[in-house]
Amino acid sequence: MITGASSPLLRVDSLQVRFGSGKDAVTAVDNASFNIAPGEVFGLVGESGSGKSATCRSLIRLYGGSIASLPKGSITFNGRDLVRLSDKELTEIRGAEIAMIFQDPMSALNPTMRIGDQIGESLRRHQNLSSRAARERALHLLRSVGVTAPERRLDNYPHHFSGGMRQRVLIALALACRPKLLIADEPTTALDVTVQQQILRLILDLRQQTNLAVLLVTHDLGVVAQTCDRVAVMYAGRIVETGTTRQIFRRPAHPYTRALLNALPSSAGRKDTLAPIEGEPPSLAAPPSGCRFHPRCPLAVDACKQAEHVLRAVEPGHESACIRVGELGC
Amino acid sequence: MPIAIYCLNRLVQLIPVLIGITLIAFLLLRVMPGDPATLILGSRGTAADIAKLNAQLGLDQPLWRQYLLFLKDIATGSFGESIAYKASVGPLIWERLWPTIWLVLFSTVMAVVLTVPLALLAAVRRGSVADAGIKLFFIVAMSMPSFWLGILLVLLLSIVVPVFPVSGYGDTILERLHHLVLPSLVIALATAALTVRSLRSSVIAVLSADYVDTARSKGLRSRQVLWRHVLRNSLMSTISVLGVHTSWVIGGTVVIETLFGIPGLGSLLVSSISARDYPMVQGLTVTFAVLVVLINLLTDLAYVAVDPRVKLS
């Protein structure tokens with residue numbers, strides 16, 4: 001098993017991401033730290049609004065039109081602190097060293113540009129390829145992600161492709177310049193189940209071939225179990241538990257992680273009914289004091305309302321923010 | 001469908017539209033009070049003189065006959081004989097057509113050149129001083145009647161700083177372009193007031209589209225993202241606005257043509273209506289209709305050129 005601690009490709013330390021300004025400002029990510037090693041698949045899990053998308057998007061400052069202030073903390077990638085780079089300097093990293101694929105392949109491709117040109121664009125930007133050479137590479141890339149008859153597809157527009165094929169095109173596009181890290185923000189959520197499997201398989205194969213590290217953002221624990229080496233669980237903008245996938249699934253050390261696992265349909269047949277988590281995720285504009293999960297937590301005691309957010313080791317490589325870890329029986 | 005066949009098809013569809021328009025133009029003129037003979041002869045004309053002149057002009061014939069004669073004249077391209085000019089309408093219109101076409105073309109190009117950078121700037125820096133300034137400028141430009149704006153521009157750019165001619169229409173192409181700058185600018189400002197707002201709001205919407213994030217994730221510089229990915233996807237609604245507005249400009253150039261002394265269709269139309277020059281007014285109405293239909297065709301072709309999802313059918 002790969003451990004993130006040895007020589008991380010990406011080291012995120014005390015990351016804070018805020019959207020909006022003044023009184024309306026919302027802290028979407030609060031004090032998040034994690035590492036990703038080369039070739040590792042790292043999962044970021046949580047409900048909608050838990051800050052997982054904001055975390056991964058802040059790495060390359062792509063917020064989909066919302067206005068975020070510069071992230072606080074440090075994001076050390078390959079020896080450089082991305083937080084200190086100007087927007088212009090960051091464009092040298094985007095696409096070349098860190099690439100991203102998005103949730104909805106139906107809307108993530110420019111509808112008025114040919115597929116070949118969209119893939120070739122980053123090659124021409126970062127590797128100064130001629131349009132002919134970029135076209136050759138694009139053809140090769142389309143073939144490698146399993147698009148059939150790629151030579152005929154290069155001049156097609158996105159609306160000629162199905163959702164699964166578009167996600168393949170987006171993966172080809174992201175991997176064009178052989179980045180070291182791929183950020184995948186819910187890459188399979190919008191796809192149907194069989195296509196989901198193909199896309200995950202493809203990402204894993206590509207990581208095998210090129211030693212690509214993957215930051216996989218998902219709310220689907222099934223996907224995590226299948227693909228990730230290590231996982232961080234986020235709740236209300238904070239990382240509440242982190243460890244290897246095996247540790248998280250075998251010995252969940254936070255009541256929230258437990259609740260998430262209990263809400264999974266079990267294939268082992270341990271349970272007949274699903275156990276939903278009571279209540280609703282808190283608003284990030286006015287988060288609860290102490291441990292942010294305490295209003296919904298079955299184990300909450302008074303101390304939880306004041307508990308400071310600190311991750312403590314439960315076992316080597318496995319950390320939890322719960323002050324009542326002992327009571328969880330792990 | 002190949003583009004040539006599509007255009008041909010559209011032009012064939014134009015025939016019934018034109019027949020309808022000739023009929024309306026013909027009937028409206030006949031319903032209008034006042035007739036050419038009375039106007040030509042003035043108060044001295046006796047009833048006998050008027051009847052004689054009417055017979056000469058063919059206006060004593062039954063209406064259906066007059067209409068068929070009109071259609072025949074259209075088919076031969078002469079459009080009948082102008083009552084005021086005593087010459088074939090066709091060549092007269094042809095001569096006056098070009099200044100109007102140049103004016104419309106030049107002002108449209110100018111409007112586009114003004115619109116694209118200003119709308120992009122306003123959208124990217126929305127809420128900034130630049131955005132507010134652009135908005136204010138066009139509200140002022142739109143609120144001023146075109147003759148007033150024209151007079152102000154003449155004062156400023158022809159008299160105080162004599163860069164452009166006060167009026168007229170030159171002989172060589174360069175001279176004509178030079179003469180057309182101010183009148184085109186007046187029209188272009190009114191057009192751009194509409195198109196800047198429309199393009200600005202589309203650009204703002206497109207800026208938060210997923211594919212713009214994809215473009216940024218490739219490491220493209222903001223300018224590349226804007227010109228290659230945002231602009232083209234924002235153009236559709238602005239093309240509609242521009243198309244509609246240009247059709248309107250074609251019929252509305254009369255004020256500008258009169259102000260700047262440009263021998264175009266608009267001023268010809270006004271003088272022909274007051275002279276009850278039936279054949280001329282009919283000919284001009286048909287000409288305007290053809291121009292408007294052509295602009296609609298161009299608008300549709302522009303959609304196809306901009307968005308590959310739009311199909312010719």
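A few comments on the model shown:
- Some residue of region A:28-35 being away from chain B (no Cβ under 13 Å) and over 29 Å from A:Arg246 (Cβ atoms): yes
- When restricted to residues that are assigned to a strand (DSSP E or B), on the phi < 0 side of the Ramachandran plot and surrounded by fewer than 23 Cβ atoms within 10 Å (Cβ to Cβ), region A:6-25 contains 5.
- Remark: B:Leu298 falls outside the filter, which requires a residue to be within 26 Å of B:Lys72 (Cα to Cα) and either aliphatic (A, V, I, L, M) or free of Cβ contacts under 8 Å to residues at least 12 places away in the same chain (or both).
- Of all the numbered requirements in (1) buried (at least 22 other Cβ atoms within 10 Å of the Cβ); (2) more than 9 Å from chain A (Cβ to nearest Cβ); (3) in a helix (DSSP H, G or I); (4) in contact with a Pro (Cβ under 9 Å, 6 or more places away or on another chain), B:Thr238 misses one, and that requirement is (4).
- Complete set of residues in region A:275-299 that are hydrophobic (A, V, I, L, M, F, W, C), surrounded by fewer than 18 Cβ atoms within 10 Å (Cβ to Cβ) and in contact (Cβ under 8 Å) with a residue 24 or more places away in the chain: A:Ala285, A:Leu299
- Candidates B:Asp210, B:Asp277, filtered to the one that is more than 30 Å from A:Leu170 (Cα to Cα), among the acidic types (Asp, Glu) and either buried (at least 17 other Cβ atoms within 10 Å of the Cβ) or modelled with pLDDT of 90 or more (or both): B:Asp277
- A:Gly39 vs. criteria at positive phi and either away from chain B (no Cβ under 14 Å) or at pLDDT below 95 (or both): yes
- For region A:168-178, a residue qualifies if it is at the interface with chain B (Cβ under 10 Å from one of its Cβ atoms) and farther than 16 Å from A:Leu204 by Cβ, and the qualifying residues are A:Leu170, A:Leu173, A:Ala176, A:Cys177.
- Filtered residue count, region B:195-214, keeping only those that are facing chain A (nearest Cβ under 7 Å) and part of a helix (DSSP H, G or I): 5
- Test: residue in region A:79-87 that is touching a residue at least 60 places away in the same chain (Cβ under 8 Å) and under 18 Å from the mean Cα position of the chain (by Cα): no
- Taken across region B:251-260, residues that are farther than 30 Å from B:Ala305 by Cα and in a loop (DSSP other than H, G, I, E, B) do not occur at all.
- Counted as qualifying within region B:39-140 are the helices (runs of 4 or more DSSP H) with 3 or more residues that are touching a helix residue (DSSP H, G or I) at 6+ places or on another chain (Cβ under 6 Å), at pLDDT below 90 and not small (Gly, Ala, Ser), namely B:47-57.
- Listed here are the helices (runs of 4 or more DSSP H) enclosed by region A:174-283 that have at least 3 residues being polar (S, T, N, Q): A:193-210.
- Subset of region B:216-226 (residues that are at the interface with chain A (Cβ under 7 Å from one of its Cβ atoms) and surrounded by 20 or more Cβ atoms within 10 Å (Cβ to Cβ)): B:Arg216, B:Ser217, B:Lys218, B:Gly219, B:Leu220
- Qualifying residue in region B:11-33 (condition: farther than 28 Å from B:Leu297 by Cβ and assigned to a helix (DSSP H, G or I)): yes
- Meets criteria (touching a residue at least 24 places away in the same chain (Cβ under 8 Å), more than 8 Å from chain B (Cβ to nearest Cβ) and within 20 Å of A:Leu200 (Cα to Cα)) for A:Arg153: no
- Count - residues of region A:300-324 that are touching a residue at least 24 places away in the same chain (Cβ under 8 Å) and out of contact with any His (no Cβ under 8 Å at 6 or more places or on another chain): 9
- Selected residue (criterion: nearest to the other protein chains (Cβ to nearest Cβ)) from residues of region A:117-130 that are within 16 Å of A:Met100 (Cβ to Cβ) and surrounded by 24 or more Cβ atoms within 10 Å (Cβ to Cβ): A:Ser122
- Of all residues in region A:57-116 being of a type in the set (Asp, Glu) and within 11 Å of chain B (Cβ to nearest Cβ), the one that is nearest to A:Thr189 (Cα to Cα): A:Asp104
The values are calculated or read from the model by the stated rules, or taken from the named source; none is laboratory data. Remember, it's a predicted structure, so these values are computed and weren't measured experimentally. Neighbour counts run over all protein chains shown; Cβ positions are idealised from the backbone, glycine included.
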